[in-house]
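Asks: Have a look at the structure that comes next, please.
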Amino acid sequence: MQFKELIGQKVIINRLIEGVSENRVSHAQLFAGKEGVGKLAVAIAYAQYVNCKNPSENDSCGVCPSCKKYQKLIHPDLHFVFPVVKTPKIKEPVSDNYLDKWREQVLESPYFNLNMWYKTIDVENAQGQIYVHESSEIIRKLNLKTFEAEYKVMIIWMVERMNVQCANKLLKMIEEPPPKTLFILITENEEQIIQTIRSRTQLVKFIGIQKEAMTNALSKLPKAEGKDIEGIVHQANGNFISATNLISPNELKAQFFDQFTNLMRISYKRDWMPMFEWVDKVAATGRERQKSFLLYSLRMLRENFILNLKQPELNYLDEKERGFSERFCPFINERNILIFAEEFEKAFRDISSNGNPRIIFLDLSLKITKMIRA
Ligand SMILES: [Zn+2]
């Protein structure tokens, strides 16, 4: 991946390049910022740049042997760590178990979020982690002799999902890595990372993608034709993932479906930790999107209530929604449909009048835990 392929973030990119030319590449850096702003993309392009055999002033060459391997993400000195899940087959999962899928995902587009990643590895309802046994893999890989590169690079994506034991085992390695090692830790929420890790890294703070860069990138998408690009750029608020979702409403609908079904499941089970995570995630999306999600939820609730009447001609559910709703609809009945609708409408009004989304969605989910058992 070359810098020229990335969307915006010129200021950060220039600062990183400057660091390389002045020979001060900090060995452990923390790329922090919201989803969809290109942290992973910048990390990979940066790693490719520091290892390029023939870099120009502002980009890697793209054709030297190192760049060629980097572009396929198969360079032996480039390592990735990311959240993974346990399955019946993989009891102690590490990133390498999912490496092929990871490469596929990143090569398709380096702009993706945790939910999209879970979808890629078919574990949409699971909560991934960077497990403790990953630490020995990381230490082992970095202690190997460098194969062919200038720098051994370890990119750890969504480091806030790292198990604390794992983080503790890495402290020493992050503080004093073998020579010519570059750690790039990536996070959407630096506050969730333990302080001992944070204090050992140099913070690179990402802001949203700049409007002009976003407009350019969106205009090139085939789906953009005839769309209100200016409006979309405004709504997306620097998040390229939101922007592409707004361009293809179907993808957005699929995400709303996931959010809605997760919310109902978590609330029914009274799973508090996942509930707080759900709230954080939704609270971090834009206000317009939150409103669309609430409208989507109102529609789902209404459709589920009607489904109980066994009059299919009154229903407007797509196949996936119907599959879920056939099991879910008994929970939405004449005892709770009105209060459900009221609460979702109230949340919609509160979000519209600039209320705090975290409080509004937390309040809503706590109410659902009661309403759903009515
Ligand atoms: Zn090169």
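Asks: Sorting 268, 46, 151 on the 10 Å Cβ count, fewest up front, what's the list?
Replies: 268, 151, 46
Asks: Pop the C-beta distance of residue 345 and residue 87 into the FRET formula with R0 = 45 Å and round what comes out to the nearest 0.05.
Replies: About 0.65, to the nearest 0.05.
Asks: Provide, as a two-decimal number, the C-alpha radius of gyration of the chain over 2.2 N^0.38 Å, N being how many residues it has.
Replies: 1.07
Asks: Give me the net charge of residue 45's neighbourhood, meaning all other residues with Cβ under 13 Å from the Cβ of residue 45; Lys, Arg count +1, Asp, Glu -1.
Replies: +1
Asks: Could you work out the equivalent-ellipsoid semi-axes for region 114-270, taking the square root of 5 times each eigenvalue of the Cα gyration tensor, largest first, in whole Å?
Replies: 35, 23, 15
Asks: Another question, if that's okay. In the structure shown, do any of 91/119; 4/145; 53/141 have a Cα-Cα gap over 29 Å, and if so which?
Replies: 4/145
Asks: May I pose another question? How about region 290-357: which trypsin sites (Lys or Arg not before Pro) there are in a DSSP loop, with at most 13 other Cβ atoms within 10 Å of their Cβ?
Replies: 310, 335
Asks: Compute and list, largest first, the equivalent-ellipsoid semi-axes of region 236-321 from the alpha carbon gyration tensor, each √(5λ) rounded to a whole angstrom.
Replies: Computed over region 236-321, the values are 24, 19, 9 Å.
Asks: If I model a spin label at residue 326 and residue 258 as a point 7 Å from the Cα along the Cα→Cβ vector, what separation in nanometres do I get?
Replies: Going by the 7 Å Cα→Cβ label model, 2.4 nm.
Asks: Would you pull out the residues with amide H under 5 Å of residue 9's amide H, same chain only if 5 or more places away, H placed 1.01 Å from N?
Replies: Amide H neighbours of residue 9, under 5 Å, 5+ apart: 210.
Asks: Angle, helix 319-328 long axis vs. longest principal axis of the chain, Cα atoms, 0 to 90°, nearest 10?
Replies: The helix 319-328 is inclined about 60 degrees to the chain.
Asks: Jot down the radius of gyration and Dmax of region 3-208, Cα atoms only, both in angstrom.
Replies: In Å, with Rg to one decimal and Dmax whole: 16.0, 49.
Asks: Moving to a separate point now. Counting Lys and Arg as +1 and Asp and Glu as -1, each charge on the Cβ, what is the dipole of region 236-339 about the Cα centre in debye, to the nearest 20?
Replies: Using only the charged Cβ atoms, the result is roughly 240 debye.
Asks: Treating only the Cβ of Lys, Arg, Asp and Glu as charged (+1, +1, -1, -1), what charge dipole size does region 3-208 show about its Cα centre? Round to the nearest 20 debye.
Replies: 280 debye
Asks: Let me ask you something else. Taking only Cα atoms, what is the 0 to 90° angle, nearest 10, from helix 10-21's long axis to the longest principal axis of the chain?
Replies: So the helix axis and the longest Cα principal axis differ by about 20 degrees.
Asks: Further question: Just to confirm the filter: which GluC sites (Glu not before Pro) across region 224-280 are DSSP coil and have at most 10 other Cβ within 10 angstrom of their Cβ?
Replies: 225
Here, each number is a calculation from the coordinates, and none is a lab measurement. Bear in mind the structure is a predicted one, so any value in this text is a computation, not a measurement. Glycine gets a Cβ as well: all are built from the backbone with ideal geometry, and neighbour counts include every protein chain shown.
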